[in-house]
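The values are calculated or read from the model by the stated rules, or taken from the named source; none is laboratory data. What you see is a predicted model, and the numbers here were worked out from it, not measured in a lab. Positions of Cβ are generated from backbone atoms using ideal geometry, with glycine treated the same way; all protein chains shown enter the neighbour counts.
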Amino acid sequence: MSVRKIVHVDMDAFYASVEQRDNPELRGKPLVVAWRGKRSVVCAASYEARRFGVRSAMAAKYAEHLCPQAVFVPPDFTRYRAVSRATREIFLRHTDLIEPLSLDEAYLYVTENKTGLASATKVASTIRHQIREELNLTASAGVAPNKFLAKIASDWRKPNGLFVIQPAEVEEFLTPLPVGRIPGVGKVTEEKLAALGLRSVGELRARSLEELEKRFGRYGQRLYELARGIDENPVVPNRPTQSVSAEDTFEQDVLLAETEPMIRRLAEKTWEASRKESRIARTVVLKLKTAEFQVLTRSQTPLSPPASCEELTRIALSLRDNVNLDSRQRFRLVGVGLNNFRDPRENTEASLFE
């Protein structure tokens, strides 16, 4: 069987780069794409702002503290979506097998390509050149035998870089990487692995499948495979979004009554993410995790889908108010999500009474 060839393309500081491209006065300046205000979050930051520690999803107020000289501009998702469509048109010249992850990144299956280029590396290089010449933007790309490795590779030489992982190089490349680079290994799993003395992918690879499954359940098999560079997940074009969400783990456990500022920030992040979708979400979900790690979820499907961030926030807060626990109960995590996505052309009223 021939080796698959996957390209992961990731636009560099996408929203901020579009703003700097379209407004020459912003070029070279630390730029933060965000609404101003104590409850707003950063949608994107230029590389000039990142040097000060500003990052996406950070509270805008904190970003302003880190970089007082930053220029703040409100996001313009209509413009970003238009640029994203233009980027996709470039991708389509090379392959029809495109799996977008968001407005600014996508996987491309190029084991065969439409332009007859000799290698996946040449495809990635050509795409980056076309984006630069036609859209006056830069993109980074990773080329690898699977999606897991291609995504890591695209981040390897950011910004405006290209990195290739050949099949024969996979083990050598992965061995020194920290386990935190593996998809799904968050802070909690990373701490559990560290407690076992597993801090690098090479150390993880030395453990047996049986041990990993015993300690991590079904995810143990995924850890075992990724540590060996195995990822059979296909590139799936036009994969419908099932849900979008944002969650936050607190540094210290908090009372339910203290969660409103967090819920407002997370609702804003979730709303921004949902604007990238062509379909409309009808169900609002609130997720809570107690200090004892018990997970609670509450959901509501209103007669009309949430039409604004303010409406989403209001529903999320009302779901919080419906949590009947001891007022002294503390929580370590809160999340806000949207699911039950539907095509806007569907007859919503009829579907409610089917």
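Taking LYS276, is it outside the structural domain of ALA206 (by TED's automatic domain parsing), assigned to a helix (DSSP H, G or I) and either of a type in the set (Lys, Arg) or in contact with a Phe, Trp or Tyr (Cβ under 7 Å, 6 or more places away or on another chain) (or both)?
It is false that LYS276 is outside the structural domain of ALA206 (by TED's automatic domain parsing), assigned to a helix (DSSP H, G or I) and either of a type in the set (Lys, Arg) or in contact with a Phe, Trp or Tyr (Cβ under 7 Å, 6 or more places away or on another chain) (or both).
Give the range 272-291 a look and list any residue that's modelled with pLDDT under 90 and of a type in the set (Ser, Thr, Tyr), or say none.
Matches in the range 272-291: SER274, SER278.
Determine, yes or no, whether LYS289 is of a type outside the set (A, V, I, L, M, F, W, C), assigned to a loop (DSSP other than H, G, I, E, B) and under 25 Å from MET58 (Cβ atoms).
No; evaluated as a whole, the condition is false for this residue.
I'd like the full set of residues that are modelled with pLDDT of 95 or more and either of a type in the set (A, V, I, L, M) or within 24 Å of ARG27 (Cβ to Cβ) (or both), limited to the range 84-104.
Passing the criteria: ALA86, THR87, ILE90, LEU92, LEU97, ILE98.
Okay, residues lined up against (1) touching a His at 6+ places or on another chain (Cβ under 6 Å); (2) outside any loop (DSSP other than H, G, I, E, B); (3) assigned by TED's automatic domain parsing to the domain that holds PHE91:
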site: GLU133; (1), (2), (3): no, yes, yes
site: LEU137; (1), (2), (3): no, no, yes
site: ALA141; (1), (2), (3): no, yes, yes
site: LYS158; (1), (2), (3): no, no, yes
site: LEU204; (1), (2), (3): no, yes, no
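I'm checking my understanding of the structure. Among residues of the range 104-122 that are under 15 Å from ALA153 (Cβ atoms) and hydrophobic (A, V, I, L, M, F, W, C), which one is nearest to the chain's Cα centre (by Cα)?
Applying the filter and picking the extreme gives ALA106.
Which one is nearest to VAL336 (Cα to Cα) among residues in the range 244-260 that are of a type in the set (S, T, N, Q) and surrounded by 15 or more Cβ atoms within 10 Å (Cβ to Cβ)?
If we take residues in the range 244-260 being of a type in the set (S, T, N, Q) and surrounded by 15 or more Cβ atoms within 10 Å (Cβ to Cβ), then SER245 is nearest to VAL336 (Cα to Cα).
Kindly evaluate PHE331 against the criterion of being surrounded by 15 or more Cβ atoms within 10 Å (Cβ to Cβ), assigned to a strand (DSSP E or B) and modelled with pLDDT under 90.
In short, no.
In the list ILE280, ILE182, ILE230, ILE263, which residue meets the criterion of being hydrophobic (A, V, I, L, M, F, W, C), in contact (Cβ under 8 Å) with a residue 24 or more places away in the chain, closer than 25 Å to VAL3 by Cα and crowded, with 17+ Cβ neighbours inside 10 Å?
ILE182 is the lone residue from the list that is hydrophobic (A, V, I, L, M, F, W, C), in contact (Cβ under 8 Å) with a residue 24 or more places away in the chain, closer than 25 Å to VAL3 by Cα and crowded, with 17+ Cβ neighbours inside 10 Å.
Suppose we filter LEU149, LEU177, LEU162, LEU135 for residues that are in contact with a Lys or Arg (Cβ under 7 Å, 6 or more places away or on another chain) and within 29 Å of SER17 (Cβ to Cβ); which single one remains?
LEU162
Determine which member of the set ARG222, ARG215, ARG265 is in a helix (DSSP H, G or I) and closer than 20 Å to PHE77 by Cβ.
ARG265
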